[in-house]
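What follows is a single structure, written as structure tokens, with notes after it.
The values are calculated or read from the model by the stated rules, or taken from the named source; none is laboratory data. Predicted, not measured: the structure shown is a model, and the values here were computed from it. Please note: Cβ atoms are built from the backbone with ideal geometry, for glycine as well, and neighbour counts cover all protein chains shown. The protein model used for the area step is the full one, side chains on, heavy atoms only, and it has no ligands, DNA or RNA in it. Shrake-Rupley method; radii C 1.70, N 1.55, O 1.52, S 1.80 Å.
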Amino acid sequence: MKIITSNPGKFNEYYAFFKEIGLEAEWIRMKYPEIQADTTEEVVIESMNFLTSKGYKDFIVDDSGIFIDALNGFPGVYSSYVYKTIGLSGILKLLNDYENRGAKFVTVIGLELGGNTHLFKGEVRGTISFEPQGTGGFGYDPIFIPEGMNKTFAEMSIEEKNSISHRGRAMNSLKEFLIKKVI
Ligand code: ITT
């Protein structure tokens, strides 16, 4: 299965997941232009349109973001830009003024297979920690504590993160779909 992403952390999670189900993940390492849209689904669909227009076939793309309750869902679809500009410390500073540290992580997987487009969404709720914790994972992982846990994603192995994460949930729906397709 071809995964098109510029993000090595994302690819590692797909690699581990596909390995568990006996499939191989192939990394197409590239940055494609991401249009600015209101929803993660729209970003994925536009990305897929762009990639198919360039001749790419039978691939997976993934658009993810963190939506913080006290900030009315910010950074959401701007997560990549915000990570690169104000970073984790900027987000933590913004949250200093709020008691509510609730947030959710969202992943939408876009699968292009045999000329058809399929979307799979996964979400996980959690809270934003008071300081970065852990050295694993990537992006916002050091400041996101998923519901029911007392550690951040950055303090988990890839397998543990995959078993409860937004991306893990989206990947499970993708797996259900792939299983139905072959039986
Ligand atoms: P591609 O678009 O090339 O796949 P990207 O890093 O730009 O890579 P996204 O737009 O989906 O990917 O990610 C938005 C931001 O959210 C970016 O800063 C990521 O590092 C971060 N992010 C995405 N998934 C994450 C996860 O599971 N844990 C922590 N941060 C994540």
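Side notes on the structure shown:
- Any hit, region 106-119, residues being open to solvent by 20 Å² or more (accessible area, probe 1.4 Å), within 14 Å of the ligand (Cβ to nearest atom) and within 14 Å of SER165 (Cα to Cα): no
- Considering residues of region 30-49 that are modelled with pLDDT under 95 and surrounded by 15 or more Cβ atoms within 10 Å (Cβ to Cβ) only, the residue farthest from the ligand (Cβ to nearest atom): ALA37
- Among residues of region 85-96 that are basic (Lys, Arg), those with a beta-carbon under 9 Å from a residue that is open to solvent by 20 Å² or more (accessible area, probe 1.4 Å) and modelled with pLDDT of 95 or more at least six positions away or on a different chain give the pairs LYS93/ILE86.
- Some residue of region 130-149 being out of contact with any His (no Cβ under 7 Å at 6 or more places or on another chain), open to solvent by 10 Å² or more (accessible area, probe 1.4 Å) and part of a strand (DSSP E or B): yes
- Counting the residues of region 164-183 that are open to solvent by 30 Å² or more (accessible area, probe 1.4 Å), more than 15 Å from VAL106 (Cα to Cα) and part of a helix (DSSP H, G or I) gives 7.
- Condition met for SER53 (under 21 Å from GLY114 (Cβ atoms) and polar (S, T, N, Q)): yes
- Residues in region 66-85 that are near the ligand (Cβ under 10 Å from one of its atoms) and on the phi > 0 side of the Ramachandran plot: GLY76 only.
- When the test is whether a residue is among the acidic types (Asp, Glu), open to solvent by 10 Å² or more (accessible area, probe 1.4 Å), at pLDDT 95 or above and more than 21 Å from ALA170 (Cα to Cα), ASP69 passes it.
- Condition broken by TYR14, with the remaining ones in (1) within 13 Å of the ligand (Cβ to nearest atom); (2) at pLDDT below 95 satisfied: (2)
- Remark: ILE66 matches the filter, which requires a residue to be of a type in the set (Val, Ile, Thr) and closer than 18 Å to GLY137 by Cα.
- Residue check for TYR56: more than 15 Å from TYR140 (Cβ to Cβ), out of contact with any Asp or Glu (no Cβ under 6 Å at 6 or more places or on another chain) and open to solvent by 60 Å² or more (accessible area, probe 1.4 Å): yes
Residues are listed down the side, and each one gets a yes or a no for (1) within 18 Å of VAL124 (Cβ to Cβ); (2) crowded, with 16+ Cβ neighbours inside 10 Å; (3) in contact with a Cys (Cβ under 9 Å, 6 or more places away or on another chain):
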{"position": "THR5", "(1), (2), (3)": "no, yes, no"}
{"position": "ILE28", "(1), (2), (3)": "no, yes, no"}
{"position": "SER64", "(1), (2), (3)": "yes, yes, no"}
{"position": "TYR81", "(1), (2), (3)": "no, no, no"}
{"position": "GLY90", "(1), (2), (3)": "no, no, no"}
